[in-house]
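S.K.: Below are the structure tokens for one structure; questions will follow.
The values are calculated or read from the model by the stated rules, or taken from the named source; none is laboratory data. In this text, all values refer to a predicted model and were calculated from it rather than measured experimentally. Here the Cβ positions follow ideal geometry from the backbone for every residue, glycine too, while neighbour counts run over all protein chains shown. To get the accessible areas, we keep the full protein, side chains included, count just its heavy atoms, and leave off ligands, DNA and RNA. Shrake-Rupley method; radii C 1.70, N 1.55, O 1.52, S 1.80 Å.
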Amino acid sequence: MVDQSEVQADKAKGSVKSTVGSVQQKAGELLGNDSQQAKGAAREAKGDAQHDTAEAKGYVQGAVDSVVGGAKNIIGGITGNNEQEAKGKAQQTSGDAQKSANS
């Protein structure tokens, strides 16, 4: 199971790394320093990849929770187990929220 706080932290770290890389790239461009420009572009790409990877992990975990919760909800309804039905619905809703936060 993926920890959503870890996902959010990785997304934030990736965004910061991307922004720093973009600034470094622009500074290299303004100063005519090809090396700094290239390093900045590489840092920006790494930051974007880190952000996108974290986002994908969060989305997948949300999809899993949504499907599992939906199944529990249905089984609870069929068996008359109101507690299982409610827990399933809550897990499904939480999963849907995770997917929305990571899309």
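S.K.: Quick one: if you stick a label point 7 Å off each Cα along the C-beta vector at Ala56 and Ala97, how many nm between them?
M.R.: 2.6
S.K.: Quote the relative contact order of the chain in percent (integer), defining contacts as alpha-carbon pairs under 8 Å separated by 6+ residues.
M.R.: The value is 26 percent.
S.K.: Applying 1/(1 + (r/R0)^6) with R0 = 35 Å to the Cβ-Cβ distance of Val64 and Thr19, what FRET efficiency is obtained, to the nearest 0.05?
M.R.: The computed FRET efficiency comes out at 0.70.
S.K.: With a 1.4 Å probe and all protein chains left in place, how much of the accessible area of segment 5-103 comes from carbon and sulfur atoms, in whole percent?
M.R.: Using a 1.4 Å probe with all protein chains present, segment 5-103 comes out at 57 percent carbon and sulfur.
S.K.: Find the relative contact order for segment 55-99 and round it to a whole percent, using C-alpha pairs within less than 8 Å whose residues are 6+ positions apart.
M.R.: Answer for segment 55-99 is 51 percent.
S.K.: How would you order 19-27, 53-61 from highest to lowest mean count of nearby Cβ atoms within 10 Å?
M.R.: Sorting 19-27, 53-61 by mean packing, highest first, produces 53-61, 19-27.
S.K.: Over the C-alpha atoms of the chain, what are the Rg and the largest Cα-to-Cα span, Dmax, in Å?
M.R.: 20.5, 71
S.K.: Before rounding to the nearest 500, sum -39500 (n - 2.57) across all DSSP H runs of length at least 4 in the chain and divide by the residue total; then give [θ] at 222 nm in deg cm²/dmol.
M.R.: -33000 deg cm²/dmol
S.K.: Accessible area per residue, 1.4 Å probe, Å², for the chain: what's the number?
M.R.: 61
S.K.: Using only Cα atoms, tell me the angle between helix 82-101 and the longest principal axis of the chain; keep it within 0 to 90° and round to the nearest 10.
M.R.: 20
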